[in-house]
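Below is one structure, written out as C-alpha cells; the observations come after it.
The values are calculated or read from the model by the stated rules, or taken from the named source; none is laboratory data. Keep in mind the model is a prediction, meaning the values are calculated, not measured. No Cβ is skipped: glycine too gets one built from the backbone with ideal geometry, and neighbour counts run over all protein chains shown.
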Amino acid sequence: MKTSRDKLISKTSDATDISKPWDKDNQAWWDWYVGLADNDIKKDPIIAAEPLPDVTIPGDDEVLSELTETYPLTNDQILFFKKNGFIKLKKVFSPGVVLKLRAELINLLKKEFNVDPDKEAHDRFLSLEMIWPKNKFLRAYVLSPRLGQISANLLGVPAVRLYHDNVLAKQAGCGRTPWHFDDHHFPLDTNDVVTAWVPAQPTPIEMGPLSFAYPLDVHKLVNAVTFEKTGTGYDRGVSEVFKKNSVTVNETPFELGEVSFHHNLNFHTASRNRTNRSRVALANTYFRDGARVISNPTMVSGDWQKFMPNVNPGEVAASPLNPICWPLNDKKK
Ligand SMILES: O=C(O)CCC(=O)C(=O)O
C-alpha cells in the first residue's frame with residue numbers, strides 16, 4: 001500500500017522526473033539506488049557465514065587459461081535464457097579462480113573505501129566501476145573470452161562489446177536491492193544486453209543472492225508502475241503486481257563457480273545480506289556490437305559517459321573502453 005506521503009510524492013513532478021543526467025559519482029548512485037528498496041522494519045539477526053572453502057589458489061597463467069576457454073551451451077540452455085531472461089550456470093569457473101578473484105576484489109574495496117568489507121559492517125552497498133582499465137588482473141576476468149562467448153551465445157549475436165565492469169559488495173546487514181530491470185540503466189538502443197553476475201564466494205539464501213522474476217515478459221506487467229526517484233514506492237509497486245499475478249521468482253543459492261546471466265529486460269532483486277560476510281560479486285555487462293547510445297540518457301543511466309568516453313547520444317557505442325570480448329579474433333578492435 002502506498003502511504004499518503006508517497007502518494008503526495010508521486011504526484012509531484014520532481015519525484016518522477018528522471019530526465020536529468022546523474023551528476024554525482026558512482027558510489028553516490030548506489031547509495032541512492034538501494035535507498036529505494038522496501039525493507040522490512042523488523043530485521044532478522046545477522047548469522048555467521050560458513051568459512052570460505054579451503055581450495056588451492058591457481059597461478060596467474062592457470063587463471064588466464066581458464067578465462068580463455070569456451071563454455072559450450074546446449075540449445076536448451078539458450079532457449080531457457082530467451083524465454084526467461086536469465087540463466088544460472090554452474091562450474092563456469094573453478095573454485096580457486098573465484099576465490100583468487102575475491103581476494104583481489106576485497107583488496108580493491110579496502111583501498112577505495114578504507115574498510116575491510118568482511119570485518120567492518122556498515123550496512124552499505126559498495127560499488128567500484130571501471131576498474132579493468134587500470135588493473136591487469138581484473139581485466140582478464142572482465143574481458144574474459146569465456147564470459148564473452150556465453151553472453152554472445154545467449155543473446156544469439158555474433159559479437160559482444162563490454163559496457164562496464166561493476167564490483168559490488170553488499171555488506172553484512174545491507175538491505176534489499178530494489179526490483180528493477182537494467183534497461184532503465186543502460187542508455188543503449190538495443191535489447192541485446194546481458195550482465196554476467198559472478199559471485200565471488202558461495203552465496204547462500206541468507207546472503208541475498210541475485211534473484212530473477214520469470215518469464216522474461218513479466219516486465220510488461222509492471223510497465224504501468226511509475227519509477228519514483230525518492231521513497232520505496234516503485235519497489236513496492238513492482239512487488240505488489242508480481243504477487244497479484246503470481247509471478248515466479250528464482251531465488252536460489254549460488255555455489256562457488258556458478259554465474260548468472262540476465263537480460264536487460266529481466267526483472268531482478270536481491271534480499272538483505274543477513275550474514276556477517278560481504279556478498280561480493282563482479283557484474284560485467286556486454287552488449288551487441290553495433291549498438292548505439294539512445295538519444296536521451298537519464299539519471300538512471302548513472303555515469304554512462306564514463307563507460308563510453310566521447311560517445312555522444314545517437315552514436316555507435318564503440319569507444320576504446322568498449323572492446324570486443326567475443327569472438328576472440330575480433331578482440332583487438
Ligand atoms: O548485486 C545486486 O544486488 C544487484 C546487481 C544488479 O542488479 C545487476 O548486476 O544488474
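Restricting attention to the stretch 152-191, the residues that are over 13 Å from the mean Cα position of the chain (by Cα) and either part of a strand (DSSP E or B) or within 12 Å of the ligand (Cβ to nearest atom) (or both) add up to 8.
Which members of the stretch 274-288 meet the condition of being over 18 Å from residue 167 (Cα atoms) and either under 15 Å from the mean Cα position of the chain (by Cα) or within 9 Å of the ligand (Cβ to nearest atom) (or both)? Spell out how you get there, then give the answer.
Just the residues of the stretch 274-288 that are over 18 Å from residue 167 (Cα atoms), to begin with: 274-276, 287-288.
If the condition is that a residue be over 18 Å from residue 167 (Cα atoms) and either under 15 Å from the mean Cα position of the chain (by Cα) or within 9 Å of the ligand (Cβ to nearest atom) (or both), then 287 is the only one that fits.
All conditions in (1) crowded, with 16+ Cβ neighbours inside 10 Å; (2) in contact with a strand residue (DSSP E or B) (Cβ under 8 Å, 6 or more places away or on another chain) hold for residue 253, with the sole exception of (1).
For the stretch 63-86, residues that are in contact (Cβ under 8 Å) with a residue 12 or more places away in the chain and more than 13 Å from residue 147 (Cβ to Cβ) total 10. Among the residues of the stretch 244-268, which ones are more than 11 Å from the ligand (Cβ to nearest atom), touching a Pro at 6+ places or on another chain (Cβ under 9 Å) and more than 26 Å from residue 44 (Cα to Cα)? Scanning the stretch 244-268 gives 257, 258, 259.
For residue 246, the requirement of being at positive phi and either surrounded by fewer than 22 Cβ atoms within 10 Å (Cβ to Cβ) or out of contact with any Ser or Thr (no Cβ under 9 Å at 6 or more places or on another chain) (or both) is met.
Considering the stretch 192-215, and only residues there that are near the ligand (Cβ under 10 Å from one of its atoms) and either modelled with pLDDT under 95 or not in a strand (DSSP E or B) (or both), the residue that is farthest from residue 78 (Cα to Cα) turns out to be 208. Checked against the criteria, residue 271 counts as under 17 Å from residue 176 (Cα atoms), of a type in the set (Gly, Ala, Ser), within 16 Å of the ligand (Cβ to nearest atom) and surrounded by fewer than 24 Cβ atoms within 10 Å (Cβ to Cβ). For the stretch 238-254, the set of residues classified as part of a helix (DSSP H, G or I) and either of a type in the set (A, V, I, L, M, F, W, C) or touching a residue at least 40 places away in the same chain (Cβ under 8 Å) (or both) consists of 238, 239, 241, 242, listed by residue number. If you go through the stretch 220-232 one residue at a time, do you hit one that is surrounded by 21 or more Cβ atoms within 10 Å (Cβ to Cβ) and either within 14 Å of the ligand (Cβ to nearest atom) or free of Cβ contacts under 8 Å to residues at least 40 places away in the same chain (or both)? No, every residue in the stretch 220-232 fails to be surrounded by 21 or more Cβ atoms within 10 Å (Cβ to Cβ) and either within 14 Å of the ligand (Cβ to nearest atom) or free of Cβ contacts under 8 Å to residues at least 40 places away in the same chain (or both).
Quick grid of which residues meet (1) buried (at least 17 other Cβ atoms within 10 Å of the Cβ); (2) small (Gly, Ala, Ser); (3) over 30 Å from residue 172 (Cβ atoms); (4) out of contact with any Pro (no Cβ under 9 Å at 6 or more places or on another chain):
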position	(1), (2), (3), (4)
281	yes, yes, no, no
285	yes, no, no, yes
290	no, yes, yes, yes
306	no, no, no, yes
311	yes, no, yes, yes
315	no, no, yes, yes
328	no, no, yes, no
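The helices (runs of 4 or more DSSP H) falling completely within the stretch 49-123 that include 1 or more residues that are under 20 Å from the mean Cα position of the chain (by Cα), at pLDDT 95 or above and farther than 29 Å from residue 154 by Cα map to 95-113.
Within the stretch 58-76, the set of residues being among the aliphatic types (A, V, I, L, M) and loosely packed, with under 14 Cβ neighbours inside 10 Å is empty.
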